[in-house]
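Taking it in order: structure first as structure tokens, then the write-up.
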Amino acid sequence: MEFEISHITDYSYQNAAAEAYLEARLTPPDLPSQTVKSRKLIVEPAVKLSGYLDYFGNAVDFFTLPYRHRSLVVTSKVEIETHAPRRPTDALEVSINEARQLLSGSPADVFDYLQPTEIVVKSKESAQWTQRYLAGQRPLGEALEALNLAVNQQFAYVSGSTNNSTPLATIWEQKKGVCQDFTHVMLSVLRTAGLPARYVCGYIEALAPPSASAANPIGRAGRTLVGAIATHAWVEVLVPGMEWVALDPTNKQWCGERHITVSRGRDFRDATPLRGTFKGTGKQTMKVKVFVKRRVQAEAKKG
């Protein structure tokens with residue numbers, strides 16, 4: 001599938017800001033599941049961009065506005081082609097115990113994805129869920145699917161019910177949140193079980209267009225996905241063979257061609273699309289819009 005993506009972040013200031021410093025993690029990586037065709041980052045007012053790779057391998061654009069301004073608009077435009085992810089069947093058939101043993105010798109850079117963070121804490125609840133879904137001789141793939149489904153079914157998706165400072169303990173208690181919270185809950189359980197897991201920030205195609213063809217000119221749209229008001233979040237789990245597999249608890253499914261990866265980390269802070277600070281008085285307002293459009297090509301007529 002081919003997609004055109006626009007991600008627009010509009011900052012406005014009650015009083016003119018004297019300076020602003022920002023980091024943008026808005027560049028999707030080339031992966032076996034996706035190929036970036038083109039990418040452009042536009043900042044208004046115009047500034048010089050500097051780039052680097054962060055600790056987690058994310059491409060970062062850094063820029064500063066050293067003068068007064070009342071607004072700042074950051075627009076990322078991407079053209080990307082996605083491919084059906086390969087699912088390592090053999091690795092997913094091993095038991096949880098065997099998988100944990102095989103992954104015990106993982107490289108040092110995987111260590112971070114086994115540790116709790118200030119946001120993804122281990123708790124009584126995560127330990128209980130580990131025993132329920134990720135224990136013993138249960139096949140790894142089956143266990144991951146069961147956990148993914150449990151998060152979806154036992155937590156209600158309620159837009160605006162949480163914010164970036166809502167503790168994970170509150171999410172466990174109120175049993176509701178958004179895709180970011182679903183992902184943090186699942187990460188907590190996986191890491192408690194000794195399975196390396198990381199946070200993924202990206203985009204999804206929420207509404208699939210109809211698949212038109214000569215035989216079916218109207219076509220039928222695919223399943224509607226939840227959580228695409230702006231960016232989306234999901235989980236990647238390391239499995240034996242040192243491959244990462246991706247699951248979307250918000251939509252109770254393995255990630256597929258309608259998921260576009262942008263950044264990764266231990267939790268949402270590592271993968272935040274834009275973060276920074278400004279100097280000034282008064283309040284700052286931020287508005288985010290994301291548009292994901294599939295390039296639909298009708299099937300060629302036969303004969």
Estimated inter-spin distance, SER123 and GLU142, nm [label 7 Å along Cα→Cβ]: 3.0
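Quick one: work out the % antiparallel among DSSP beta bridges in the chain, nearest 5. Numbers along the way, then the final one.
Numbers: 69 of 71 bridges.
Roughly 95 percent of the beta bridges in the chain run antiparallel, per DSSP.
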Just for region 123-246, what percent of DSSP beta bridges are antiparallel, to the closest 5? 85
Output ³J(HN,Hα) for region 285-295: one whole-Hz value per residue in order, computed from phi by the Karplus curve 6.51 cos²θ - 1.76 cosθ + 1.60 with θ = phi - 60°, and x for Gly and Pro. 10, 10, 10, 10, 10, 10, 10, 10, 10, 7, 7
GNM top mover of SER159, SER33, SER188 - the chain, alpha-carbon springs below 10 Å: SER159
What nm distance separates the two modelled labels at GLN14 and LEU31, each placed 7 Å from Cα along Cα→Cβ? 4.0
How far apart, in nanometres, would the label points at LYS252 and VAL296 be if each is projected 7 angstrom from Cα along the Cα-to-Cβ direction? 2.7
Protection proxy (average C-beta count within 10 Å per residue), highest first, orders 250-260, 115-125, 279-289 as 250-260, 115-125, 279-289
Just subtract the alpha-carbon distance of THR89 and TYR55 from 0.36 nm times their residue separation and send over the number in nm, one decimal. 9.2 nm
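For the chain, what is the mean residue ellipticity at 222 nm derived from helices alone (per DSSP H run of n ≥ 4: -39500 (n - 2.57); sum divided by total residues; nearest 500 deg cm²/dmol)? Mind showing how you got there, number by number?
Working: 7 runs with 63 residues, N = 303.
The helix-only estimate for the chain comes to -6000 deg cm²/dmol at 222 nm.
Could you calculate the FRET efficiency of GLU79 with ALA135 from 1/(1 + (r/R0)^6), where r is the beta carbon distance between them and R0 is 41 Å, rounded to 0.05?
Working: r = 44 Å, r/R0 = 1.08.
Computed FRET efficiency for GLU79 and ALA135 comes out at 0.40.
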Within a Cβ distance under 14 Å of GLY160, other residues only, what is the Lys/Arg minus Asp/Glu net charge? 0
Quick check: net charge around ASP90, other residues with Cβ under 13 Å of its Cβ, Lys/Arg +1 and Asp/Glu -1? -1
For region 134-144, just list the computed ³J(HN,Hα) in residue order, Karplus coefficients 6.51, -1.76 and 1.60, θ = phi - 60°, integers in Hz, with x standing in for Gly and Pro. 10, 10, x, 8, 5, x, 4, x, 5, 5, 5
Between ALA193, ALA16, ALA146, which gets the highest mean-square fluctuation from a Gaussian network model of the chain, Cα cutoff 10 Å? ALA16
In whole Hz and in residue order, list the ³J(HN,Hα) couplings for region 70-76 that follow from phi through the Karplus curve 6.51 cos²θ - 1.76 cosθ + 1.60, θ = phi - 60°; x for Gly and Pro. 9, 8, 8, 10, 10, 10, 10
Provide the FRET efficiency to the nearest 0.05 for the ALA46-LEU149 pair, computing r from the beta carbons and using R0 = 51 Å. 0.60
Nonlocal amide H pairs with ARG258, under 5 Å, H built at 1.01 Å: none
Label point 7 Å out from GLU4 along Cα-to-Cβ: which residues of region 52-78 have amide N under 13 Å? 77-78
Taking the Cα of ARG39, stepping 7 Å toward and past its beta carbon, and measuring to each backbone N in region 224-244: which are under 20 Å? 230-236, 244
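So if we plug the beta-carbon distance of THR277 and ASP112 into 1/(1 + (r/R0)^6) with R0 = 25 Å, what FRET efficiency do we get, rounded to 0.05?
On the way: r = 25 Å, r/R0 = 0.99.
Approximately 0.50, to the nearest 0.05.
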Relative contact order of the chain: what whole-number percent is it, with Cα pairs under 8 angstrom and at least 6 residues apart? 29
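Here, each number is a calculation from the coordinates, and none is a lab measurement. Remember, predicted model here, so these are calculated numbers, not experimental data. For neighbour counting, all protein chains shown are included, and Cβ atoms are generated from backbone atoms with ideal geometry for every residue, glycine included.
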